[in-house]
Amino acid sequence: MDKRYIPKVGLRTLKTGIAVAITIALSWYVFGIYSGMGAIAAVVAMQPTVKRSSKIVFSRIFGTIVGLMCGLLIVYAFGVNPISIGLAVIVALTLNTTFDKTHMSTYAAFAIVLMLENPTTDFFHYAWTRSLLTAVGVFVSLGVNYAFMPPRYEERLLSEIRKTSSYMFHHWRELVGSPAELLETRARILGHQELHMMLQEDMKVTNVKLKHLTIKQYRLLIHLEDKLVLLLESLAEHRESLLLMDEEERKTFEAEFLYLLAHHHDILYTCDKPYSLFTLPHEDLSVSEILHGHLLDYHEQLELFKHDPKQTKAPSR
């Protein structure tokens with residue numbers, strides 16, 4: 001069988017299954033309640049980072065409680081019918097909006113519908129047991145996410161940054177001639193920013209220790225990617241004008257550009273060269289000013305990484 005077609009089971013997928021199994025086991029064998037509401041809460045609470053899972057705990061529990069309380073009040077006042085169910089949802093959503101808790105609205109509405117579609121008449125017991133199962137589900141999910149191989153984004157972030165930057169180093173000429181590929185590259189850099197954000201979130205909750213670089217160094221590496229792709233976009237925009245430059249000027253520009261790429265490569269794989277880079281000349285031609293402006297911006301970002309040893313020094317291994 002071709003390895004490309006073997007389904008990959010991600011860590012988050014595996015942990016979600018474990019959390020669901022534990023929650024259902026607790027519901028059945030500890031509380032004696034045969035309901036999947038706790039398992040649904042566990043699925044929702046399994047987030048990419050531990051911090052996001054902890055936020056879901058509050059939203060899911062209190063959203064469910066608000067929904068169930070609104071449902072109980074409406075059902076005792078007007079009975080169970082389609083209009084009363086819709087009215088309960090309206091009241092719950094309005095309360096969440098009034099108290100600026102719109103992120104809990106979905107959970108509140110979900111709880112109301114599940115409670116009032118149930119054939120039982122003991123709605124208070126139903127509300128209590130489902131609130132309990134919701135709390136069990138979200139706390140189990142949080143515990144599994146934290147204790148069982150908590151997410152680690154550092155290796156993935158560094159690998160993705162190196163992969164994207166190396167592609168730009170070796171294929172910058174092709175990228176300049178392909179706006180679509182430049183757009184895809186920028187989209188990948190946005191993905192790196194998201195990974196950086198998730199790494200920061202996990203550092204605050206799990207006290208994870210970075211192995212390679214500091215969090216600021218990772219942010220600077222992403223900024224470097226952004227400056228490089230901005231320069232390539234500028235080259236693509238002014239490609240025809242660049243060809244009209246005299247040969248010596250064009251070669252000088254290319255030499256400076258390749259020199260910066262070499263330093264970027266050094267930073268990416270060593271981060272241990274603190275000496276100064278050359279000062280870029282400023283040309284009088286309008287296109288040259290634009291291109292050299294982006295080149296200088298890229299240059300300054302490289303210097304920012306190399307010339308701030310107190311802030312960007314990698315932790316001792």
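What ranking do 189-199, 62-72, 44-54 get when scored by the average of other Cβ atoms within 10 Å per residue, highest first? Before the final figure, lay out each step's value.
On the way: 189-199: 16.9, 62-72: 23.7, 44-54: 20.7.
With the highest mean Cβ count within 10 Å placed first, the list reads 62-72, 44-54, 189-199.
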What distance in nm lies between label points placed 7 Å from Cα along the C-beta direction at residue 33 and residue 173? 6.7 nm
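So if each residue of separation counts as 0.36 nm, and I subtract the Cα-Cα distance between residue 239 and residue 303, what length gain in nm does that give?
Full-extension gain reported as 20.4 nm.
Could you work out the local net charge near residue 65, counting Lys and Arg as +1, Asp and Glu as -1, over the other residues with Cβ closer than 14 Å to its Cβ? Present the calculation step by step, with values, prior to reporting the outcome.
Numbers: positive: 60, 101, 130; negative: none.
Once positives and negatives cancel, what remains is +3.
Let me know the whole percent of all Cα-Cα pairs from region 100-186 that are separated by more than 16 Å. Working shown, then result.
Values: 2750 of 3741 pairs.
Of all Cα-Cα pairs in region 100-186, 74 percent lie more than 16 Å apart.
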The whole-number value in µm²/s of the Stokes-Einstein translational diffusion coefficient for region 81-231, with Rh from the Kirkwood sum over alpha carbon pairs at 25 °C and 0.890 mPa s, is 124 µm²/s
Remind me, what semi-axes does region 8-97 give for its equivalent ellipsoid, largest first in whole Å, using sqrt of 5 times each Cα gyration tensor eigenvalue? 30, 17, 10
Summed side-chain charge close to residue 46 - residues other than residue 46 whose Cβ falls under 12 Å, Lys, Arg +1, Asp, Glu -1: +4
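Going down the table (55/209; 163/216; 101/209; 15/209), which pairs top 27 Å between alpha carbons? Walk me through the numbers on the way to the answer.
Values: 55/209 22 Å; 163/216 19 Å; 101/209 34 Å; 15/209 22 Å.
Those over the limit are 101/209.
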Given a Förster distance of 45 Å, report the FRET efficiency between residue 152 and residue 73 from their Cβ-Cβ distance, rounded to the nearest 0.05. 0.50
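Starting from region 134-241, pick out the chymotrypsin sites (Phe, Trp or Tyr not before Pro) whose DSSP state is loop and whose Cβ has at most 12 other Cβ atoms within 10 Å.
148
Where a number appears in this text, it was derived from the coordinates with a stated rule and is not lab data. Since the structure is predicted, the reported quantities are computational estimates derived from the model, not experimental observations. Heads up, the Cβs are rebuilt from the backbone with ideal geometry, glycines too, and the neighbour counts pull from every protein chain shown.
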